[in-house]
Protein chains: 2
Amino acid sequence: MKIQVVKNILDANDRIADANRSLFDEKKIFVMNLMSSPGAGKTSLVERTIRALRDRCRIGVIEGDIQNTLDADRIAVLGIPVVQINTGGSCHLDANMVREGLSGLNLDALDLLIVENVGNLVCPAEFRIGADANVMILSTPEGADKPSKYPLIFKISSVMIINKIDLLPHLDFERDKARRDALALNRDLNIFEVSCRTGEGLDGWFGWLEERVTQ
Amino acid sequence: MKIQVVKNILDANDRIADANRSLFDEKKIFVMNLMSSPGAGKTSLVERTIRALRDRCRIGVIEGDIQNTLDADRIAVLGIPVVQINTGGSCHLDANMVREGLSGLNLDALDLLIVENVGNLVCPAEFRIGADANVMILSTPEGADKPSKYPLIFKISSVMIINKIDLLPHLDFERDKARRDALALNRDLNIFEVSCRTGEGLDGWFGWLEERVTQ
């Protein structure tokens, strides 16, 4: 019975995600759904990505948070159109929240839409929003056991960004294990090792994204 | 309508949490519900706590994870009774899962039960399990904006452990802001700054816990 309720919710979400998908195709917008644990560096990656690609494509952002506008404020100062969704307690964005957020953006003036999900490795992976690509961040202080413990998000992502590599000398992070276990879950995963703090390694990620946006 | 469904689920959870609470009182067990983001150091804190207090009280552990027994395996090697709950996709433990987990422990042989929740700053805070104290970890790499972004978990916790202080020289973590914003949400919060890696600062936490277990 409980499973049935959950299934109905996910079915309803899928229908709206499909409608989002069609709209994004029609408007020729590449949409990425950015997910990670709290504090892994989602907003820092968005800031870096905007700075790198803003002269080459038109970017918009949807920020998902339980409450407040801290992240949207960080994006707004860059002069980029941004919509803040406050989920009011919900631990993830769903397709309908994104649908409503789209009304705050001029979709005809965008090539790339970055959706920053709520900080959580579990439920955001369960609710499709209709994005072209799921992108996840694993930060080195979280440890290399995360693919084993939270497999779904690794399975459904196109990209895993290993962030905070500047901290590697101070951690026991098993980099090879993290890569190997993530690839065992999803052999198509594109992996970039970066530091959003120093900028190291980000060019590979920028190249991956730009190639898809300007297709 | 949606709100009603959630409320019913939480009401049902509360009833089971109250029953757990009564059972813990009857058995004179101090129960702590340990919560944090993925990779903030929950299992490391449990290991350290067991090593420090195992000669002074009888400890049992319930490990909550989406899947696998990695964390329970880490506890079992210490010779401590441990039950692994696999939530099968659910992003939090609820009172009923804990209730079922209790059947795997001899409650008459325990003074302290540590329940390690699923790694998530959101939903574990919404589902009472009947513990005596909620204990949360904020790790320094996550950043000082977490009280503003995930307020509920700070409001309902008795203790905030700031972990990974050994990394402070390599981070921009605003320690005073984290403390101030957490205390603004909950002025009764007990704060301990520690490194589960080096052991620094843990004595204060051990003292706080032991005092309550042996009451």
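The values are calculated or read from the model by the stated rules, or taken from the named source; none is laboratory data. Values in this document were obtained by computation on a predicted structure and should not be read as measured data. As a convention, Cβ positions derive from the backbone with ideal geometry for all residues, glycine included, and neighbour counts pool all protein chains shown. Surface areas here come from the heavy atoms of the whole protein model, side chains and all, with no ligands, DNA or RNA. Shrake-Rupley method; radii C 1.70, N 1.55, O 1.52, S 1.80 Å.
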Proportion of all alpha-carbon pairs of segment A:130-183 beyond 14 Å (%): 50
How much area per residue is accessible in segment A:2-214 when the probe is 1.4 Å and only protein heavy atoms are counted (Å²)? 40
If you put a point 7 Å past Cα along the Cβ direction, how far is that point for A:ILE9 from the same point in each other copy, in nm, smallest first? 0.3
What longest region of chain B stays clear of trypsin sites (Lys or Arg not before Pro) that DSSP places outside H, G, I, E and B and that have at most 12 other Cβ atoms within 10 Å? B:29-186
At A:GLU100, label 7 Å along Cα→Cβ: distances to the other copies, nm, ascending? 3.3
Mind telling me which of A:ASN96, A:ASN86, A:ASN106 comes out most flexible in a GNM of chain A, alpha-carbon contacts under 10 Å? A:ASN106
How big, on average over all directions, is the shadow cast by the Cα convex hull of segment A:2-214, in nm²? 11.6
Dipole magnitude of the protein assembly as shown about its Cα centre, charges +1 at Lys/Arg Cβ and -1 at Asp/Glu Cβ only, in debye to the nearest 20? 220
Just name one of A:ASN68, A:GLY119, A:THR43: the one whose Cα is farthest towards the positive end of the charge dipole of chain A (beta-carbon charges, Lys/Arg +1, Asp/Glu -1). A:GLY119
Per the rule of 0.36 nm per residue minus the C-alpha distance, extending A:ASN190 to A:LEU70 adds in nm 40.2 nm
For the pair B and A, total buried accessible area rounded to nearest 100 Å², probe 1.4 Å: 2700
In segment A:54-81, which residues become less accessible by 20 Å² or more once every protein chain is in place, relative to the chain on its own, using a 1.4 Å probe? A:ASP65, A:ILE66, A:GLN67, A:ASN68, A:LEU70, A:ASP71
Treat every Asp and Glu Cβ in segment B:48-142 as -1 and every Lys and Arg Cβ as +1, leave all other atoms uncharged, and give the resulting dipole magnitude about the Cα centre to the nearest 20 debye. 300
May I ask you to give the percent of accessible area on the protein assembly as shown that is carbon plus sulfur, with a probe radius of 1.4 Å? 48
Could you pull out the GluC sites (Glu not before Pro) across segment A:117-215 that fall in loop regions by DSSP (anything but H, G, I, E, B) with no more than 16 other Cβ atoms inside 10 Å? A:GLU174, A:GLU200
If we count every other residue with Cβ under 13 angstrom of B:LEU202's Cβ, Lys/Arg +1 and Asp/Glu -1, where does the sum land? -2
Estimated distance in nm for a label pair at A:ALA133 and A:ARG54, the labels positioned 7 Å out from Cα along Cα-to-Cβ: 2.1
Label 7 Å beyond Cα on the Cβ vector: A:THR69 copy-to-copy distances, nm: 5.1
Just to be sure I understand the interface: list residues from segment A:12-42 that lose 50 Å² or more of accessible area between the chain on its own and the complete protein assembly, 1.4 Å probe. A:PRO38
Charge context of A:ALA178, other residues only, Cβ under 13 angstrom, K/R +1, D/E -1: 0
